[in-house]
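The values are calculated or read from the model by the stated rules, or taken from the named source; none is laboratory data. Predicted, not measured: the structure shown is a model, and the values here were computed from it. Virtual Cβ from ideal backbone geometry, glycine too; neighbours counted across all protein chains shown.
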Amino acid sequence: MRIKSEHCIGLLKARFQCVQGLRRVISSKHDLALILQMIMCACILHNLLISHAVPQDWMEKIHKQKELEQHNDKRANRRDQILAYMMEMR
């Protein structure tokens, strides 16, 4: 039973980034209620996504956005390298 529940949590963490970062200390009933609500929402969304696949054109937009972000990251890294070089030359 414990292994199955850990697998379920692993599936949720793989699909939803917000669940992966839930390592907060529960200091009140409000914190516990908030965490439980987030987990419940993730479970519901997970089940909906199993029943209804994500349209392919959405995935294409996501891939294009990721490629653009990677390109911008490379440009920012190159800019940082040039700045470091210029600062060394002073």
| note | Ser5 fails exactly one of (1) exposed (fewer than 12 other Cβ atoms within 10 Å of the Cβ); (2) touching a residue at least 12 places away in the same chain (Cβ under 8 Å), namely (2)
| request: Can you tell me which residue among Met59, Met89, Met38 is at pLDDT 80 or above and at negative phi? | output: Met38
| request: Could you list all residues from region 15-33 that are part of a helix (DSSP H, G or I), of a type in the set (A, V, I, L, M, F, W, C) and at pLDDT below 85? | output: Cys18, Val19
